[in-house]
Amino acid sequence: MSLKILITGAAGFIGSNLCEYFVSMGHDVLGLDNLSTGSLSNIEGLRLKDNFNFLKGDIRDIETCRKAVLNRDYVLHQAALGSVPRSINDPITSNDVNVGGFLNMLVACKDAGVKKMVYAASSSTYGDSKALPKVEERIGKPLSPYAITKYVNELYADVFYKTYGLNTIGLRYFNVFGRRQDPNGAYAAVIPLFTKQLMNKQSPTINGDGTYSRDFTYIDNVIQANEKAMLTVHPEAVNSIFNIAYGERTDLKMLVDLLKMSLSKYDKSILNIEVIYGPVREGDVPHSLASIDKAKRILNYQPQFNLRDGLDEAVDWYWSHL
Ligand code: NAD
């Protein structure tokens with residue numbers, strides 16, 4: 001059955017991958033994006049498809065949100081300003097988009113009678129909690145303005161369920177990577193940034209001594225989680241939050257080694273590139289590892305790509321696209 005789905009942040013990394021997948025499944029997909037960090041080139045291939053439409057607009061404008069959700073069954077809300085450093089440099093804009101825009105989307109979904117809004121939450125919500133692995137119920141204090149915005153999303157979603165009965169599911173993504181993630185700009189994520197640097201024979205700079213670790217999650221696992229969250233009718237999934245990750249952690253030093261190994265199939269000399277170590281970044285959490293038990297149990301989430309397999313696919317994509 002063809003569903004009517006709105007995907008916000010459609011021209012960004014995760015949003016464009018969701019659009020591509022749900023269009024390929026034959027659903028009627030509308031993408032919304034203001035192109036602030038995303039790019040039309042990410043959805044170039046989709047614009048000729050009959051079951052894809054694109055609306056250029058800003059979630060800070062409630063009328064744009066209302067127009068976008070009209071007659072939509074489901075909303076996959078990805079639009080936000082990502083990056084901890086960006087939010088430290090400009091907390092007001094991050095808050096306007098991530099909190100004000102999110103609230104607009106909730107109001108628009110509620111008023112239009114959308115069946116469910118699945119939204120991008122974040123592992124940054126664990127903040128200063130040192131517990132590993134991270135379980136959904138146990139969070140610490142936020143370490144950045146970005147983390148606050150993502151936590152506030154969860155609080156608003158909860159209140160909208162309790163007050164208005166709006167059905168939402170929050171997916172706390174852990175360091176997502178894969179095709180089309182932007183390697184450029186001051187706020188690039190480590191995997192695309194390091195991949196591009198290594199391809200250009202430049203030394204990647206690790207912030208800190210390389211022992212900080214992350215639960216790197218390949219994009220296809222995230223697509224699966226969104227589909228399962230959207231379609232689940234499990235009673236415990238209503239108004240719930242799930243960690244979406246692979247469930248293993250890898251330190252940054254190891255990450256660079258894996259990237260070098262993967263890229264060496266194209267150019268052996270990449271194996272000889274040395275790493276530079278820089279100062280620790282403000283707001284960075286030392287270690288991050290998800291328990292994905294809840295998503296497995298309730299959503300039947302089964303991540304198919306571990307870090308190595310995901311990196312191999314991502315590297316192939318960057319090699320042929322950069
Ligand atoms: P991205 O920057 O590639 O995509 C975000 C998209 O939202 C961009 O296309 C941007 O143009 C759009 N956007 C920004 N402000 C907007 C506005 N005011 N109105 C309409 N569109 C707007 O980032 P991404 O990595 O694809 O992240 C998607 C979502 O996942 C975000 O909510 C982010 O916070 C969350 N998230 C990402 C990660 C990760 O590792 N990539 C981890 C945790 C959470």
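The values are calculated or read from the model by the stated rules, or taken from the named source; none is laboratory data. Values in this document were obtained by computation on a predicted structure and should not be read as measured data. Cβ coordinates were reconstructed from backbone atoms using ideal geometry, including for glycine residues, and neighbour counts include every protein chain displayed.
The requirement of being in a loop (DSSP other than H, G, I, E, B), within 11 Å of the ligand (Cβ to nearest atom) and on the phi < 0 side of the Ramachandran plot is fulfilled somewhere in region 16-36, by at least one residue. Selection within region 179-207: residues that are basic (K, R) and either within 12 Å of the ligand (Cβ to nearest atom) or closer than 24 Å to L35 by Cβ (or both). The member of this set that is surrounded by the fewest Cβ atoms within 10 Å (Cβ to Cβ) is K196.
Does L103 satisfy being within 14 Å of the ligand (Cβ to nearest atom) and either of a type outside the set (S, T, N, Q) or in contact with a helix residue (DSSP H, G or I) (Cβ under 8 Å, 6 or more places away or on another chain) (or both)? Spelling it out, L103 is indeed within 14 Å of the ligand (Cβ to nearest atom) and either of a type outside the set (S, T, N, Q) or in contact with a helix residue (DSSP H, G or I) (Cβ under 8 Å, 6 or more places away or on another chain) (or both).
In region 202-217, the residues that are on the phi > 0 side of the Ramachandran plot form Cβ pairs under 8 Å with partners that are in a loop (DSSP other than H, G, I, E, B), at six or more places apart or across chains, as follows: G208/P279; G208/V280; G208/R281; G208/D284; G210/V275.
Could you check how many residues of region 37-53 are at pLDDT 95 or above, more than 12 Å from the ligand (Cβ to nearest atom) and either touching an Asp or Glu at 6+ places or on another chain (Cβ under 7 Å) or closer than 24 Å to I191 by Cβ (or both)?
Our first condition is that a residue be at pLDDT 95 or above; within region 37-53, this holds for 37-44, 46, 49-53.
Still in the list and also more than 12 Å from the ligand (Cβ to nearest atom): 44, 46, 49-53.
Restricting the remaining residues to those that are either touching an Asp or Glu at 6+ places or on another chain (Cβ under 7 Å) or closer than 24 Å to I191 by Cβ (or both) gives 44, 46, 51.
Going through region 37-53 one residue at a time, the tally reaches 3.
Within region 295-310, can one find any residue that is of a type in the set (A, V, I, L, M) and farther than 24 Å from S240 by Cα? Give the steps one after another, and end with the answer.
So in region 295-310, the residues of a type in the set (A, V, I, L, M) come out as 295, 298-299, 307.
Applying the additional criterion that residues be farther than 24 Å from S240 by Cα yields 307.
Yes, the conditions are met somewhere in region 295-310.
Among the residues of region 262-287, those identified as part of a loop (DSSP other than H, G, I, E, B) and either touching a Gly at 6+ places or on another chain (Cβ under 8 Å) or modelled with pLDDT under 95 (or both) are V275, P279, V280, R281, E282, G283, D284, V285, P286. Residues in region 298-311 that are part of a helix (DSSP H, G or I) and crowded, with 17+ Cβ neighbours inside 10 Å: 5 in all.
Taking first residues from region 232-261 that are free of Cβ contacts under 8 Å to residues at least 60 places away in the same chain and partners that are buried (at least 21 other Cβ atoms within 10 Å of the Cβ) and in a helix (DSSP H, G or I), the Cβ contacts under 6 Å between residues at least 6 apart in sequence or on separate chains come to T250/L307; L258/L311.
Here N42 meets the list (1) among the polar types (S, T, N, Q); (2) crowded, with 19+ Cβ neighbours inside 10 Å; (3) closer than 28 Å to Y161 by Cα almost entirely, failing just condition (3).
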